[in-house]
Amino acid sequence: MIGQMFSLMGEMLLLMLTGWLVRRIGIVTKEGKKCLTDLILYVILPCNITKAFISEKLDAELWSSMAIVLIVAILIQVLCTLIGIFAYRGMNEGEKSVYQYATVCSNAGFMGNPLSQAVFGDLGLLYTSIYLIPQRIVMWTAGVSYFTKDSDKKGLLKKVLVHPCMIAVYVGMFLMLTRIPLPDFLNKTITSISACTSAMTMIYIGTIFTDVNWKELVTKKQIYFAVIRLVLIPLIVYIPCRLLGLDPMVTGVSTFLAAMPAGSTTSLLAAKYGADEVSAAKCVIFTTALSVISLPVWGMILT
């Protein structure tokens with residue numbers, strides 16, 4: 001397993017380096033980067049989620065575990081919200097909104113699916129799809145409120161509920177419940193697109209690395225946030241899960257996803273709403289770079 005984790009770390013590095021290179025030399029432009037984001041969010045991840053559901057056999061134990069994952073995910077969002085309230089009091093409003101959002105909204109939506117599947121298999125991918133439901137809701141409701149106080153909360157919630165990734169959860173659960181077989185050509189198409197998830201996600205993350213001055217990347221505030229995002233939050237999740245004797249897969253997936261770096265949407269929303277865009281880009285890139293080390297470590301601990 002240790003060898004597998006280091007192999008995964010090496011694969012992550014090379015894929016992110018590929019993303020950095022194609023962005024650096026102009027193969028992927030700024031506009032192309034947005035297209036890449038949409039392709040992942042609206043096509044590749046939904047196929048990946050659907051495949052996770054139809055790959056698993058329905059039984060009472062599975063439903064029980066999925067319910068526990070959902071409860072743990074909700075509690076994690078509450079925990080992250082409380083940390084956001086108390087941990088960044090000394091910062092100005094622009095920085096504070098960035099770090100609060102990045103604490104509540106990790107990059108589990110992008111990186112969680114491929115990495116959980118690599119570490120925990122298809123069952124881990126299924127649990128990840130359930131885990132992400134509360135985060136997606138918080139991300140586009142309470143999360144956006146950190147940047148603007150005038151957001152239409154009902155409109156944002158509606159937007160979340162019809163998001164392609166959420167629709168994939170509904171479709172996947174329906175297919176898992178009914179066991180209706182998909183036509184072979186459709187099943188193969190979903191499987192083929194799903195197989196692109198890891199490579200496309202890591203390449204996208206790599207394109208972000210060109211957007212910041214590396215000489216100004218490491219600051220006390222960035223280190224402080226990185227410790228909270230990559231160490232403190234997953235540790236707070238891991239210890240109670242172990243003490244309560246939860247299923248090792250539930251504990252593993254929940255802790256692993258809690259250890260994800262800052263969400264890439266942090267910099268997008270900071271730019272849109274006039275928050276501290278520079279700090280946002282830094283916290284995304286810095287924690288993502290450190291996660292190349294921290295995630296394999298957590299993976300080894302959890303498996």
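The values are calculated or read from the model by the stated rules, or taken from the named source; none is laboratory data. It should be emphasised that the depicted structure is a prediction, and the values quoted were computed from it without experimental measurement. Cβ sites come from the backbone with ideal geometry, for glycine too, and all protein chains shown count toward neighbours. For the accessible areas, the whole protein counts, side chains as well, though only heavy atoms, and no ligand, DNA or RNA atoms are used. Shrake-Rupley method; radii C 1.70, N 1.55, O 1.52, S 1.80 Å.
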Ranked output for segments 165-173, 91-99 by mean other Cβ atoms within 10 Å, highest leading, reads 91-99, 165-173
Among Lys33/Lys220; Lys30/Lys51; Lys34/Lys158; Lys158/Lys188, the pairs whose Cα-Cα distance exceeds 26 Å are Lys33/Lys220; Lys30/Lys51; Lys158/Lys188
Pairs of Cα atoms under 8 Å, at least six residues apart: use those to get the relative contact order of the chain, whole percent. 33 percent
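In Å², what does the accessible area per residue of segment 207-303 work out to with a 1.4 Å probe?
42 Å²
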What is the percent carbon and sulfur in the accessible area of the chain, measuring with a 1.4 Å probe over the protein chains and ignoring ligands? 68 percent
One quarter of the C-alpha convex hull surface, i.e. the mean projected area of segment 1-150 in nm², amounts to 11.7 nm²
Would you be so kind as to identify which of Gly94, Val231, Thr251 lies farthest towards the positive end of the dipole of the chain, taking Lys and Arg as +1 and Asp and Glu as -1 on Cβ and the Cα centre as origin? Gly94
R0 of 35 Å, Cβ-Cβ distance Met173-Thr37: FRET efficiency to nearest 0.05: 0.85
Net dipole in debye of segment 196-258 [+1 Lys, Arg Cβ; -1 Asp, Glu Cβ; about Cα centre; nearest 20]: 220 debye
In whole Hz, what ³J(HN,Hα) sequence does segment 201-218 give by Karplus (6.51, -1.76, 1.60; θ = phi - 60°), x for Gly and Pro? 5, 5, 5, 4, 4, x, 5, 5, 5, 8, 9, 8, 7, 5, 5, 9, 6, 8
What is the dipole size for the chain, taken about its Cα centre, with +1 at each Lys and Arg Cβ and -1 at each Asp and Glu Cβ, in debye to the nearest 20? 520 debye
Between Arg242 and Lys220, with labels modelled 7 Å along Cα→Cβ, what's the label distance in nm to one decimal, could you check? 3.2 nm
Heavy-atom accessible area per residue - segment 1-113, 1.4 Å, Å²: 48 Å²
Each residue of segment 24-35 in turn: what ³J(HN,Hα) in whole Hz from Karplus with 6.51, -1.76, 1.60 and θ = phi - 60°, glycine and Pro shown as x? 5, 8, x, 5, 9, 8, 4, 5, x, 5, 5, 4
